[in-house]
1. With the crude spin-label approximation of a point 7 Å out along Cα→Cβ, what separation in nm comes out for Asp168 versus Asp39?
2. Would you mind checking segment 14-52 for residues with the amide N under 18 Å from a putative spin-label position 7 Å along Cα→C-beta of Asn306?
3. Starting from the amide H of Ala253, placed 1.01 Å from N in the peptide plane, find each other amide H under 5 Å away whose residue is 5 or more places distant or on another chain.
4. Over all directions, how big on average is the projection of the convex hull of the alpha-carbon atoms in segment 175-260, in square nanometres?
5. Order of 74-82, 283-291 by packing, highest average Cβ count within 10 Å first?
6. Taking θ as phi - 60°, what are the ³J(HN,Hα) couplings along segment 121-132 by the Karplus curve (6.51, -1.76, 1.60), each to the nearest whole Hz, with x for Gly and Pro?
7. Cross-chain or 8 or more residues apart, Cα under 30 Å: how many lysine pairs in the chain fit that? Count them up, please.
8. Using label points projected 7 Å from each Cα along Cα→Cβ, tell me how many nm separate Arg154 and Tyr18, to one decimal.
Amino acid sequence: MEISVKRTMGFLKQYAIYAVLVVLVLCIAIKDPRFISFDTFRDILVQSSTRVIIALGACFAILTAGADLSAGRVVGFAAVISASMLQASTYTAKFYPGLGQIPMLVPIIAGVLAGALIGLLNGFIVSKFDVPPFIATLGTMVIVYGANSLYFDRAPNHSQPIGGLRADFSTLGTGSLLHVPYVIIIAVIVIGVIYVVLNKTKLGKDVYAIGGNREAATVSGINVTRCLLLIYVIAGTLYGIAGVLEAARTGGATNNYGLGYELDAIAACVVGGWSVSGGVGTVPGIVAGVLIFSVINYGLTFVEVNPNWQQIIKGAIIVSAVAVDIRKYLRKR
C-alpha cells in the first residue's frame, strides 16, 4: 500500500505540469465552451511557437544556474535587422531606399547571425571573466537595445515602425503547409533538435554536469569554458531565429520588439520544472510551461478577464513554482 502511494505521488509530481495545463483549458472551456475549437488551439500554438524557441534558448543559462536577460532584446534586434532588408520594392518608406530585392535567405541569416554573435559575447564574458550570467546578460541587454535603437533611428527611417514586408517573407510567419502553420513546423523542428542536443550529445551531458556541480565537472575533465561559450552561442542563435519569425508573423518590427520576452521565457522554464539551482530540466517541461502562459494570456482574454488579473495570476504561478523548487533543493541539501 505504501509503495503504491509513493508511486502515485511520484507520478503526480512528474506530470503535475501537464495536469495544470489540462485543468486551465477545462476551466476556461467551462466559462466559455467556444474556447474548445481548432482555430483557438491553432492560434495558441502559433503564439507559443516563437516563445518556445526563446525559452529553449534561455534554458541553457538556467541549466548552468544562471539567467539570460538579453533574450528579449536580441529577439528585437534580429527582427529589426531582417525586416529592414525585406521590405517590398513598392513600399514608399523603405529602410534602405536603394536596396533591390535580395534573396530572402540573406537577411534571415543576418538576423540569426547577429543573435549568435551576441550569444558569443555573453558566453565570452561569463566564461572568460567569470562574471555572473545575470550581470553579464543584463549588460548586453542594455548594449543590444542601444545598438538596435541607433540602427533603427538611422536615416531615412528615423525610428519609424518598419512595415511593408515582402509577401514571401510574411508567408514564413503566416503561411501553412497542409493547414499546419510554418511557424509551428519550425518550432517543432527546433524542439526536436534541442531535445537531441540536451539528451543525446556529449555537450548536453556536460552542461547538465556543469549545472549540477561546476567544480566536480571541471575536475572530471569537462572543458567548462568551451561548453559555456557553445551554449550561449546556441541560445543567441535561437533568439535570432525567434526574432526573424516574429517579424514575419507580425508583418513588421520596431526597436521595442521582444520587450519582456526574456522574463516570460525564464518563467516558462521555471514553471516547466527547470531548477533555478541548475542541473535539472526537460524539454517537454519547457513546452508545457510556454503553453500554460499562452493559455493564460489567450484564454483569459477570450473570457474577458481583466488583463491586470492575468498579470497577478502569472506572477502567483511563477512565485509558487520557484518556492517549490527551492524547497526541493533545500531538502536535498
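Read the figures in this text as sums done on the coordinates, not as results from a lab. Keep in mind that what you see is a predicted model, and the values were worked out from it rather than measured. Methodologically, a virtual Cβ is constructed for each residue, glycine included, from the backbone with ideal geometry; neighbour enumeration extends over all protein chains shown.
1. 3.2
2. none
3. For Ala253, the qualifying residues are Ile162.
4. 7.5
5. Taking the mean over residues of other Cβ atoms within 10 Å, the ranking is 74-82, 283-291.
6. 4, 4, x, 5, 5, 5, 7, 7, 9, 6, 7, x
7. Taking the Cα cut-off of 30 Å, the pair count is 23.
8. 4.8
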